[in-house]
Amino acid sequence: MNALEIKNLTKSFPGFTLENLNLVLPSGCIMGLIGENGAGKSTTIKLILDMLHKDSGTVTILGRDNQGDICLTKEDIGVVMDEVGIPECLTAKQVGKVMQHTFRNWDDAAYVQLLEKLSLPENKPFKDFSRGMKMKLGIAVALSHGSRLLLLDEATSGLDPVVRDEVVEMLGEFTRDEGHSILISSHIVSDLEKICDYIAFLHKGKLLLCEEKDRLLAQYGIIHCSAEQVKAIDADAIRHIKENPYGVEALVLREKMPQGMEVSPVSLEELFISMIKEANAR
């Protein structure tokens, strides 16, 4: 069973449309949702949770339609939005007591362990937390009630590099159980490159691609050459060209490159930026 299936999902606002989105997240996997601000990442997650009314399409979560028994479905979903919705007067300890009466599978011992691991004070009001601390508390809650699917919207935002690395490691541990899956959006592409099995690129409400990360990185590469050398390459092999004083840097399809030409590895961030620039140039 897939953890998440999205088919032809569409939602229109004045000046923006999320258009015919199709995604499949297999169980046991992590999918990174990458896009610049305003690309539709948060809109997608809110539509999955039925926080927004879709115009058309279907969303299936853990085998159930998201407009069916959503209360039952949400027991299995851990959610961290870009703004953590916890009352500002509550302490982390009080949040745990509230969650005991919110989720049937709440594990208070696991929650207390996570507070300690993430260096979160138990008795400090939420309003006095930094943004990074607020995100960490949201993650602790999401991981403490037997979730099978995590939906994380910019969950590593506001965290310093050391804590980000700890959180990324925790998310990797979560999906070692084949029944656990994660959809995570982030503009910190390097975090997603560490942990994701699948990558989905959103741009202005449209899905540019959705592919296995390893296959994607094996498919594309970067070449550095002269402008004359680029002219000799099959145009279908080139996805984006950037000229500089020293020559040309190009994003290319490895399989279409001439034999013997050196092709360097491409990072997800380089690939994403190149694809956005290519899409904007059309």
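The values are calculated or read from the model by the stated rules, or taken from the named source; none is laboratory data. The shown structure was predicted, so the numbers you read here are calculated from the model rather than taken from an experiment. With ideal geometry, Cβ positions are generated from the backbone for all residues, glycine too; neighbour counts draw on all protein chains shown.
If I ask for residues that are under 18 Å from residue 277 (Cβ atoms) and among the basic types (Lys, Arg), which ones from the range 241-264 would you list?
Residue satisfying the conditions is 242 alone.
So residue 189 ticks every box in (1) over 20 Å from residue 155 (Cα atoms); (2) touching a strand residue (DSSP E or B) at 6+ places or on another chain (Cβ under 7 Å); (3) of a type in the set (A, V, I, L, M) but one. Which box is left unticked?
(1)
Table: residues versus (1) in contact with an Asp or Glu (Cβ under 9 Å, 6 or more places away or on another chain); (2) outside the structural domain of residue 81 (by TED's automatic domain parsing).
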| residue | (1), (2) |
| --- | --- |
| 185 | yes, no |
| 188 | yes, no |
| 195 | yes, no |
| 224 | yes, yes |
| 231 | no, yes |
| 236 | no, yes |
| 242 | yes, yes |
| 245 | no, yes |
| 251 | yes, yes |
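Given the conditions (1) exposed (fewer than 14 other Cβ atoms within 10 Å of the Cβ); (2) modelled with pLDDT of 90 or more; (3) assigned to a loop (DSSP other than H, G, I, E, B), and given that residue 67 satisfies all but one, which numbered condition is not satisfied?
Residue 67 satisfies every listed condition except (2).
Kindly provide the set of residues from the range 27-64 that are surrounded by 14 or more Cβ atoms within 10 Å (Cβ to Cβ) and among the polar types (S, T, N, Q), ordered by number.
Answer for the range 27-64, where residues must be surrounded by 14 or more Cβ atoms within 10 Å (Cβ to Cβ) and among the polar types (S, T, N, Q): 27, 42, 43, 44, 60.
Does residue 252 count as within 27 Å of residue 191 (Cβ to Cβ) and either at pLDDT below 85 or among the β-branched types (Val, Ile, Thr) (or both)?
The answer is yes for residue 252.
Mind telling me which of the residues 84, 141, 95, 79 ends up being assigned by TED's automatic domain parsing to the domain that holds residue 191, farther than 25 Å from residue 47 by Cα and either surrounded by 16 or more Cβ atoms within 10 Å (Cβ to Cβ) or not basic (Lys, Arg) (or both)?
That would be 95, the only listed residue that is assigned by TED's automatic domain parsing to the domain that holds residue 191, farther than 25 Å from residue 47 by Cα and either surrounded by 16 or more Cβ atoms within 10 Å (Cβ to Cβ) or not basic (Lys, Arg) (or both).
For the range 132-171, name all the residues that are modelled with pLDDT of 90 or more, closer than 20 Å to residue 197 by Cα and not aliphatic (A, V, I, L, M).
147, 148, 153
Sort out which residues of the range 98-155 are more than 24 Å from the chain's Cα centre (by Cα) and charged (D, E, K, R), and write them in order of number.
Hits for the range 98-155 are 104, 107, 108, 116, 122, 124, 127, 128.
Which pairs have Cβ atoms under 7 Å, sit 6 or more apart or on different chains, and link a residue in the range 1-27 that is more than 27 Å from residue 175 (Cβ to Cβ) and touching a residue at least 24 places away in the same chain (Cβ under 8 Å) to one that is among the acidic types (Asp, Glu) and part of a strand (DSSP E or B)?
That search, which allows pairs on different chains as well, returns 10/19.
Take the conditions within 20 Å of residue 184 (Cα to Cα) and among the charged types (D, E, K, R) and apply them to residue 83. Does it pass?
Yes, satisfied.
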